[in-house]
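The structure under discussion appears below in the form of structure tokens.
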Amino acid sequence: MATTPPVDTQSVNARAKGSATATRRPSATVGGRQLEHQSVVSAPERLVVVGMGMAAHGLCKRLNQIDALKHYQVTVIGKEPTIAYDRVNLSQLFTGRAPEDLLLADQAWYDERKIDVVTSRTIRQIDCDEQTLTDDHEQQYGYDKLVIATGSSAFVPPIDGIDSQGVFVYRTLNDLAEIRRYVEERRDKQNPLSTMRGGVIGGGLLGLEAAQVLQHWVWRLTFSKWLPA
Ligand SMILES: Cc1cc2nc3c(=O)[nH]c(=O)nc-3n(C[C@H](O)[C@H](O)[C@H](O)COP(=O)(O)OP(=O)(O)OC[C@H]3O[C@@H](n4cnc5c(N)ncnc54)[C@H](O)[C@@H]3O)c2cc1C
């Protein structure tokens with residue numbers, strides 16, 4: 001089960017009144033007469049996509065397919081350090097695939113299509129009046145059209161101790177890297193086949209996938225289905 005990240009939802013609704021720089025495209029005037037922006041500006045519109053997941057990539061791919069990229073200067077901003085990857089097949093990392101193998105397109109694909117990609121940045125504020133976004137490094141981006149493709153995040157049940165060391169969610173490349181690091185650091189190097197215990201909360205599709213992945217490393221697995229009261 002997944003929910004929309006609460007922090008991001010607040011951010012999307014937030015306004016940065018007074019703090020935005022003048023990144024909005026100015027209206028054009030001819031002979032003192034103000035003209036409609038779209039009728040005189042031949043430059044492509046700025047289309048900014050927040051989130052660099054499968055949906056964002058799907059949008060870029062579709063715009064490319066229908067030859068619409070010439071109408072837009074596209075910028076995609078995502079908070080993960082990686083460009084869009086095949087999250088559905090995340091578990092294949094444990095059957096020999098490398099993180100790069102999961103990429104939906106490599107960086108060159110975006111470069112060739114002049115799509116700007118910004119990674120490791122979280123959009124914190126959207127000012128719809130000024131048509132600007134601000135990220136967690138106080139960087140601002142102007143837009144003419146905005147797409148929110150921020151997906152969802154793993155639902156974490158409110159259980160005592162859920163914040164403890166060694167408790168992970170199973171959703172991103174980074175989550176899997178952290179689980180792997182945690183297990184490797186604790187494995188008995190002298191006796192690599194010694195028993196380690198792992199547990200999975202959640203008996204749905206993702207829980208089963210997580211259990212399968214854990215079996216690569218830990219030899220006693222407890223599996224439980226969590227149901228809200
Ligand atoms: C292991 C696993 C297996 C799955 N298997 C299936 C399956 O078999 N079939 C199926 O239909 N679905 C499956 N899913 C679900 C599927 O992966 C998601 O539905 C899909 O990835 C959603 O894509 P999205 O681009 O909308 O969102 P996401 O993949 O969540 O991408 C959104 C991106 O936006 C970023 N973001 C969020 N907030 C901000 C912000 N404020 N600023 C910048 N960036 C932000 C996030 O970090 C994320 O990278 C699976 C998921 C997992 C984890």
Net charge dipole size for region 157-224 [Lys, Arg +1 and Asp, Glu -1 on Cβ; Debye, nearest 20]:
240
Let me understand region 157-198 better: what is its radius of gyration from the alpha carbons, and its Dmax, in angstrom?
12.3, 37
Taking the number of other C-beta atoms within 10 Å as the exposure measure, put Leu90, Leu103, Leu205, Leu63 in order starting with the fewest.
Leu205, Leu103, Leu63, Leu90
How much length is gained if the chain between Ile162 and Ala43 is pulled fully straight, taking 0.36 nm per residue apart and subtracting their Cα-Cα distance, in nm to one decimal?
37.8 nm
Charge-dipole axis of region 157-224 as Lys and Arg at +1 and Asp and Glu at -1 on Cβ define it, positive-most pick from Pro157, Ala210, Ser194:
Ser194
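About the Cα centre, and with charges only on the beta carbon of Lys, Arg (+1) and Asp, Glu (-1), how big is the dipole of region 33-142? Nearest 20 debye, please.
Computed about the Cα centre, the dipole is about 280 debye.
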Taking Ser194, Ser152, Ser91 and counting other C-beta atoms within 10 Å, the order from fewest to most
Ser194, Ser152, Ser91
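Laboratory data are not the source of any read-out in this text; all were calculated from the coordinates shown. Please read these numbers as outputs of a predicted model, since none were measured by experiment. Quick reminder, even Gly has a Cβ in these numbers, built from the backbone with ideal geometry, and neighbours come from all protein chains shown.
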